[in-house]
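The values are calculated or read from the model by the stated rules, or taken from the named source; none is laboratory data. Since we're looking at a predicted model, the values are computed, not measured. Note that we place each Cβ from the backbone using ideal geometry, even for glycine, and neighbour counts take in every protein chain shown. Heads up: the accessible areas ignore ligands, DNA and RNA and are worked out on the full protein's heavy atoms, side chains in. Shrake-Rupley method; radii C 1.70, N 1.55, O 1.52, S 1.80 Å.
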Amino acid sequence: MDISPGGLRMPPFQRVSQGDKMYKYTHETIVEADAKSTFEWFEHEGSFRRLMPPWEVAEEVRADDSLEVGSQRVFRFPAPGAPFLKMTWVAEHTAYDPPHHFADKMVRGPFWSWNHNHNLTECDGKTTVKDEVSYQVPFGPLGNLADSILGGWLVKSRISRMFKARELRLQRDMREHSKFSHIKRKKILVAGSSGMIGTQLVAFLDTGGHDVWRLVRRPVKEGAKELSWRPDEGLIESSEIEGFDVIIHLGGENIGDKRWSKKRKAAIVGSRRESTTLLSETISALKSKPEVFLVASAIGFYGNRGDEILTEESAHGEGFLTDTVIQWESYADSAREAGIRVINTRNGIVLAGVGGALGRMLLPWKLGGGGPLAGGKQWMSWISLDDEIYAINHLIMNDECEGAYNLTAPEPVRQKVFSKTLGKVLRRPAIAPIPGFSMKILFGELAGPLLIEGQRVLPSRLQQSGYEFLHKDLESALRDSLGIWR
C-alpha cells in the first residue's frame, strides 16, 4: 500500500487516466542497509539478472554496466501463452541521481508504455526503495479490451508477482553480502558460467562488488570480462589466470540430458577430467596462486543407499556416477598439493523454475499428469537455487572451509512427498503414478541412479561452518522458485 500526499491509503494499482487507461503501480521494499550500499547494488550489471523473476526464462542480450542516462538493458523472454515466440524488452535509463533516484522507460517491448522510477530514502540505517511504475497494458486497443473484460487481472497479477520477487532478492542479496562486507573484494574466475547455477552465481558475486570474469569456450566478446580456453585440446593461457583470488569450476557435460551410451559416458567423464585437470595443474604452477579453487561435484558420490542418513563422513557408494564423482574430485589434487584451498561441492537436486529437474517437471504437473515415480519411496536431496548460490559464496569467503561439502537442504524428502508438495503448490493433482519400468524404457541406464534410486543426504559440514539456510523445507522453496506465495 502507498500513502498519498493527502494522507489517504491508496492501493498499489491506480487508474490515473481514464481515456487511454494509464495505470500506476507502487511497491516499497525496506532494506537493512544504507542508501549508498543499496544504490550500488542496483548499479552493478548483475542486478539486472538478479531482479529477473526466478520463474521467468529470460535471455539477457545486453546490459550496460551503468544506470546513467542513455544506458540500456535488453533481454528476450517467451510470450505469455506462446513460449515458442520470443519478445524483446529494451529499457533505457532516463534519470540518474545517486544514491536517491534513477529511472528507466521501455523503448521497445510488449507494453504500450512503461515508465519506472526508483526512489531510495534512508532512515536510521535502513533504506526504503519505492518503485513507481506508470504503464499502459500490452497490445494497445486489444489489450484495453482484454483489460476491461478481465479487470486487468492478468497484467496486475504478473506485475505484483514480479515486484514481490524483486523485493525478496534485493533484501536477501544485501543480507548475504553484508556478512562478508569486512573482507576485501575478490577477483573471481568462473568456468561454466552460462549454466543455470553459473548465470545466477556470476550475477550475485558481481552485485557484491567482486571483480568477476567468465572462462568461456567460445571467442570472447569485445569489452566483456571473459577469458577463452579449450579444455578438450588442453589449451589455456596461464598468464591470463595470474592474479585471480578465486577460481570456480561448474562445468562438465550434462549428466541427465541424454541416454547413457558408451560414447556418452566417455564424454561425461572426459569433460570433467580434461577441464578440471587443466585448471588444477595450471593454477598450481602459477607464481601468484589463487586462494581457493572450488569444483562442483554431486551427491552421486554416495550411490543408492536406501534410508541411510548420509553426511560428508559417509563412505562412497558404487556405480558409474559414484566412480565419476570420485575421479572428478581427485582431478583437483595438484591444486591441493600446491597448497591451494580446494572445495568440492556435492550438489543435490537444485530447484529452479527455469531449468534443471524442477523445470522439466512443471509442464506435466501443470497438466495434471504428475505423481509418484517408481513407487515414490526413494529419497530426494534438494536445495533451492538461491541457497546453492549463497552457500558457494559462504564457502569461498570463509578461509576455514576446505574439502567436501554437501549442498543439500537439511530436510530431504521421499519422492512421493516431493510430488504431493509440488501438486499442492501448483494446485494440481499429483496422483498419476509413473512406473519405474517406463522410465527405464524412456531413459535407459540413467533412469536408475537419477530417477529411481536416491540418497538421504544432510549438509552437516555446511551447517557446522555457520551457513544458515534460506529454505529448509520443500514447500517454501517451491513457492519461492515459482512465485506462488501464500
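Just a few scattered comments:
- Burial ranking of peptide ranges 372-380, 449-457, 91-99 (average Cβ count within 10 Å, highest at the top): 449-457, 372-380, 91-99
- Exposure rank, largest accessible area first [358, 85; 1.4 Å]: 85, 358
- Note on residue 123 and residue 211: the extension gain reaches 28.7 nm, defined as 0.36 nm multiplied by sequence separation minus the Cα-Cα distance.
- The heavy atoms of residue 100 offer some 100 square angstrom of accessible surface to a 1.4 angstrom probe.
- Segment residue 287..residue 64, full-extension length gain: 76.9 nm, with 0.36 nm per residue of separation and the alpha-carbon distance subtracted.
- Pairs beyond 19 Å (Cα-Cα), from 36/187; 265/440; 179/289; 258/424; 156/366; 221/289: 36/187; 179/289; 258/424; 156/366; 221/289
- Mean separation of Cα pairs under 8 Å and 6 or more residues apart, divided by the residue count, gives the chain a relative contact order of 12 percent.
- Calculated FRET efficiency for the pair residue 225/residue 79, C-beta based, R₀ 45 Å, to 0.05: 0.90
- Ligands, DNA and RNA left out, the 1.4 Å accessible surface of the range 23-109 is 51% carbon and sulfur atoms.
- Accessible surface ranking that places the most exposed of 124, 173, 34, 323 first, with a 1.4 angstrom probe: 124, 323, 34, 173
- Two-site label geometry, residue 242 and residue 259: point separation in nm, points 7 Å out along Cα→Cβ: 5.1
- The chain - accessible surface per residue (Å², probe 1.4 Å): 46
- The range 312-329-the range 443-461 distance, computed between alpha-carbon centres (Å): 12
- Here the range 184-246 exposes an accessible surface that is 47 percent carbon and sulfur, computed with a 1.4 Å probe and the other protein chains kept in place.
- Surface accessible to a 1.4 Å probe, residue 196 within the full protein complex, Å²: 60
- In the range 335-484, the portion of solvent-accessible area held by carbon and sulfur atoms comes to 55 percent [1.4 Å probe, whole percent, DNA, RNA and ligands not counted].
- Subtracting the Cα-Cα distance of residue 157 and residue 428 from their residue separation scaled by 0.36 nm leaves 95.6 nm.
- Mean ellipticity per residue at 222 nm, deg cm²/dmol - from DSSP H runs of n ≥ 4 across the chain, formula -39500 (n - 2.57): -10000 deg cm²/dmol
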